[in-house]
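This report refers to the structure that appears directly beneath it.
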Amino acid sequence: MPTIVVDVMPKAELLDPQGKAVAGALSRTGHSAVSGVRVGKRFEITVDGPIDDAVKSEVREIAEHVLSNSVIEDVVGIHYLESNAELAEEATHAASEHGDEGYVAPAGETH
């Protein structure tokens with residue numbers, strides 16, 4: 001089953017006390033290259049069936065109106081992940097379409 005990941009972060013103009021605490025702890029433990037941290041939320045949503053435009057629209061709606069508080073947070077990313085089984089199925093389908101041509105790299109990919 002496909003998984004959709006929704007990333008929500010505090011708005012940039014708002015204080016992030018949890019991020020500030022993490023940054024301070026990193027500094028105290030010798031990680032001086034880190035100059036700032038912001039802490040957000042990650043949601044993993046599993047859906048039945050393929051991820052089509054209707055599912056993407058519904059997830060966007062859920063992310064913006066249910067999972068995040070639009071007053072203090074921004075939805076900064078929605079990522080659509082495919083399971084290994086789905087990737088294997090796509091590879092098998094692609095191989096069957098090309099018959100005895102051997103491996104055909106996807107557009108933009110070279111080997």
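Scanning the range 55-76 for residues that are among the small types (Gly, Ala, Ser) and open to solvent by 70 Å² or more (accessible area, probe 1.4 Å) yields SER57, SER70. Among the residues of this structure, ARG38 does not count as one that is at pLDDT 70 or above, loosely packed, with under 13 Cβ neighbours inside 10 Å and charged (D, E, K, R). Within the range 1-17, being open to solvent by less than 20 Å² (accessible area, probe 1.4 Å), in contact with a Gly (Cβ under 9 Å, 6 or more places away or on another chain) and part of a strand (DSSP E or B) holds for VAL5, VAL6, VAL8. The residue pairs whose first member lies in the range 26-49 and is within 25 Å of GLU13 (Cα to Cα), whose second member is β-branched (Val, Ile, Thr) and assigned to a loop (DSSP other than H, G, I, E, B), and whose beta carbons are closer than 9 Å, counting only pairs six or more residues apart or on different chains, are LEU26/VAL34; LEU26/VAL37; SER27/VAL34. Filtered by the rule that a residue be touching a helix residue (DSSP H, G or I) at 6+ places or on another chain (Cβ under 8 Å), at pLDDT 95 or above and within 16 Å of THR46 (Cα to Cα), the range 65-83 gives a lone residue, ILE78. Sub-9 Å Cβ pairs linking a first residue in the range 51-79 that is closer than 20 Å to LEU15 by Cβ to a second residue that is open to solvent by 70 Å² or more (accessible area, probe 1.4 Å) and small (Gly, Ala, Ser), at least 6 apart or interchain, are ASP74/ALA12, ordered by first then second residue.
Being touching a strand residue (DSSP E or B) at 6+ places or on another chain (Cβ under 6 Å) and either modelled with pLDDT under 95 or open to solvent by 60 Å² or more (accessible area, probe 1.4 Å) (or both) is true for just one of GLU86, GLU44. Which residue is that? Talk me through it step by step, then tell me what you get.
Details: GLU86 fails: touching a strand residue (DSSP E or B) at 6+ places or on another chain (Cβ under 6 Å).
Result: GLU44 is the single residue among GLU86, GLU44 that is touching a strand residue (DSSP E or B) at 6+ places or on another chain (Cβ under 6 Å) and either modelled with pLDDT under 95 or open to solvent by 60 Å² or more (accessible area, probe 1.4 Å) (or both).
The values are calculated or read from the model by the stated rules, or taken from the named source; none is laboratory data. Fair warning: this is a prediction, and the values are worked out from it, not measured in the lab. Backbone-built Cβ (ideal geometry, glycine too); neighbour counts: all protein chains shown. The area values use the complete protein model at the heavy-atom level, side chains included, leaving out ligands, DNA and RNA. Shrake-Rupley method; radii C 1.70, N 1.55, O 1.52, S 1.80 Å.
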